Amino acid sequence: MKYFGLIWSNMWRKRIRTTLTILSVFVAFLLFGMLSAFELAFDGSNASIENAERLISVHKVSLINFLPIAYVERVRNLPGVANATHSTWFGAYYQESRNTFGQFPVDAESYLALYPEFTLPPEQEKAWLNNRTGAVVGRAIADQFGFKVGDRVPLTSTLWTNMDGNKSWEFDIEGVFEDSSGNGNSVYMLFHYDYFDEARAFAKGEIGWIIEKGDGSRPNTELAADIDLMFANSSAETKTTDEAAFAEEYAKQFGNIALIVTAILGAVFFTILLVNGNTMAQSVRERIPELAVLKTLGFGPGTILGMVLLEGVLLAFIGGVAGIVAAKWLLVMASKAMASTLPGGLTLNAQTIAWAVAFMFLVGMASGLLPAVQAMRLSIVQALARR
Amino acid sequence: MTAADVLVEVAGVTKSYQKGKETVEVLHGLDLTIPRGDFVALMGPSGSGKTTLLNLLGGLDRPTVGGITVDGQAIHAMSGGSLAKWRSTNVGFVFQFYNLLPVLSAARNVELPLLLTNLNGAQRKQHVATALAVVGLTDRASHYPTELSGGQEQRVAIARAIVSDPTLLLCDEPTGDLDRETATEILQLLQALNRDHGKTVVMVTHDPQAAEYAKRILHLDKGSLLEKAA
Ligand SMILES: Nc1ncnc2c1ncn2[C@@H]1O[C@H](COP(=O)(O)OP(=O)(O)OP(=O)(O)O)[C@@H](O)[C@H]1O
Ligand SMILES: [Mg+2]
């Protein structure tokens, strides 16, 4: 590419202007990378099929009110329900209060049956089932806190006092499970409800919520209505929704992130289009006589057009690639810092990078197009005479 | 004079410009023959059409009426693209204000016309070195235009004009911006290029002393030519 040197030299005609332009492109693409990653992390639409099939029944008043454990059997026996299990919020931390993550006392067999995406080596599963104080942890949690099979882990619950009158609980790590759904939900610890129920000082026989799955014979909406009807007018009425709706509800807390991100990015790209376009227009205007000289020397219209366009694209790519690389690096740091809050992590996927490259090309072409056409059409005689 | 000895043939060339609704005729039915190896000084009052004629000879503009043949090629009939290609190999231009690219070093300015050829990097370097040696600026190759004197800038411009070895050199007031001493050096250089390297030179000038370096002087007045022997 023998013209590259010429294009490069022309680009740096005004060093400060070019540097500032590249910086603004850099910031724009850094923002694009970061915002896209956050948008992806909060996007509820990647909830899996399994999720959509499961229903969750909670206390009608609020999530922190308990349900009697007897409800689980009643739900399981309802026509159209294939299986039911339950879970309860344990709310403990490891060593320091900032090391908070999700722990749930569950009925191991029925729970694993309902969550087939949590995969555990069979021998670990067996070991867990045979150890009353055993627990299994998700891969992300095991990595974050360095938990290994065979460890005895003390946790401090912020909620549950045990029969000894303190809030300190001990568990044997018997296994590490993965979340094969790709949703990155391996941020929990599961342990035995029986152990929990015997050891806790209050609320014996109560659970947080029921999870159930239909056998396919009836639509989920019908099942949900039936379950709630069954417990209507009891001391603990229920509210049943499917998991996807649950996740959606959760995501709505953050507002319509996709829309906000799109709006911000739209404004950002409009701005850098103006910044780049202005730089290119000024730069070409300044060198009208030089362009006339190049044409005099025999540089054809196509060559002139291509050189100016390439200059605009180069400007966008230098700033853009640097911005994306910086975003990637920052996201790795952010993912580490937020491992337990955003279990899926923050990443730039291939699609985001493809969009970024497309935007760089677009911004470069769009900002260079008018000046390039102007340069191409330039009349040598008039430009040389500075008329 | 046989046909092979003629380099430039201008036949019945009229050039008019459109100024608003008015048409201004700058050159009126011009005829001119320039033999190969000639050194022509083109003089005349300001606005007489000297630059216009030079632009036509170099294929930067087209005549309104008439034909121009250079080295057997009818350049008035060429398309824009082929005219650009023709310029790159057949003509060298030297301007009053040098017109170097400020962002490029002397050597890279000289290299510009070679970018349009098939020469590789090493070959281009070789040609640039030769051209800079001809104008006596080998030691300034890496200097930028702002680091050169006016006379040196004009030498670089001349090196750029000759680097692709064209037969025709067109110079529009090449010494117009230089002091007497420097002007003399530039004129001697042009003379040497004409005498030793066989370049045919057409030079526009206002300076009668500069015109002395030419083999013959043409006077352009109100768009018509008068010849005086030098
Ligand atoms: N592109 C153009 N459009 C309109 N008029 C033009 C154009 N180019 C030249 N002219 C007119 O043609 C006439 C001759 O111009 P030209 O530049 O050829 O003169 P010149 O002899 O080179 O003058 P000078 O010695 O001042 O350089 C002038 O009156 C000029 O105004
Ligand atoms: Mg002139």
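Throughout, read-outs are computed from the coordinates displayed, never taken from laboratory work. The shown structure was predicted, so the numbers you read here are calculated from the model rather than taken from an experiment. All Cβ positions, glycine included, derive from the backbone under ideal geometry; neighbour counts span all protein chains shown.
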- Message: Could you list A:Lys336, A:Lys239 so that the one with the fewest beta carbons within 10 Å of its beta carbon is first and the one with the most is last?
- Response: A:Lys336, A:Lys239
- At most 12 other Cβ within 10 Å, DSSP loop - chymotrypsin sites (Phe, Trp or Tyr not before Pro), the range A:277-357: none
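Over the range A:55-95, what portion of Cα pair distances is larger than 15 Å, expressed as a whole percent?
Roughly 50 percent, rounded to a whole number.
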- Query: Are there trypsin sites (Lys or Arg not before Pro) in the range B:161-230 that DSSP marks as loop and that have at most 16 other Cβ atoms within 10 Å, and which are they?
  - Reply: B:Lys215, B:Lys222
- Item | Positive-end residue of A:Val72, A:Ile56, A:Trp128, charge dipole of chain A with Cβ unit charges | A:Ile56
- Query: Residue by residue, what Karplus-based ³J(HN,Hα) values in Hz, rounded to whole numbers, does the range A:97-107 have, using 6.51, -1.76 and 1.60 with θ = phi - 60° and x for Gly and Pro?
  - Reply: 5, 6, 7, 8, 8, x, 10, 9, x, 9, 8
- Relative contact order for chain A: what is it in percent, counting Cα pairs under 8 Å that are at least 6 residues apart? 27
- Query: What translational D, rounded to a whole number of µm²/s, comes out for chain B from Stokes-Einstein when the hydrodynamic radius is the Kirkwood one over Cα pairs, at 25 °C and 0.890 mPa s?
  - Reply: 136
- Item | Unit charges on C-beta of K, R, D, E only; dipole of chain A, Debye | 3320
- Message: With the cut-off at 1.5 for a/c, could you classify the range A:296-342 from its C-alpha gyration tensor as rounded, prolate or oblate?
- Response: prolate
- Query: What value, in deg cm²/dmol to 500, does the helix sum -39500 (n - 2.57) over DSSP H runs of n ≥ 4 give at 222 nm once divided by the residues of the protein assembly as shown?
  - Reply: -14500 deg cm²/dmol
- Would you mind pulling out the separation of the Cα centroids of the range A:2-26 and the range A:112-128, in Å? 58
- Query: Over the alpha carbons of the range A:156-221, what is the largest minus smallest coordinate on each principal axis, giving the biggest first in Å?
  - Reply: 47, 27, 19
- Task: Could you list which residues have their amide H under 5 Å from that of A:Tyr115, counting only those 5 or more apart in sequence or on another chain, with H placed in the peptide plane?
- Result: none
- Compare the Cα positions of B:Val94, B:Ala157, B:Ile68 along the charge dipole of chain B (+1 at Cβ of Lys, Arg; -1 at Cβ of Asp, Glu; about the Cα centre) and return the one farthest towards the positive end. B:Ile68
- Query: Expressed in whole Å with the largest first, what are the equivalent ellipsoid semi-axes of the range A:49-254 derived from the C-alpha gyration tensor as the square root of 5 times each eigenvalue?
  - Reply: 28, 20, 16
- Task: Go through the range B:28-91 and name the trypsin sites (Lys or Arg not before Pro) that are in a DSSP coil and have 16 or fewer other Cβ atoms within 10 Å of their Cβ.
- Result: B:Arg36
- Provide, in order from the shortest bin, the percent of all Cα-Cα pairs of chain A in each 20 Å bin, continuing until the bin that contains the maximum pair distance. 23, 38, 21, 15, 3
- Item | With 10 Å bins from 0: P(r) over the range A:265-376, alpha-carbon pairs, percent | 14, 34, 25, 15, 8, 4, 0
- Task: Tell me which residues come under 5 Å, amide H to amide H, from B:Val26 once H is placed; ignore anything under 5 positions away on its chain.
- Result: B:Lys15, B:Ser16, B:Tyr17
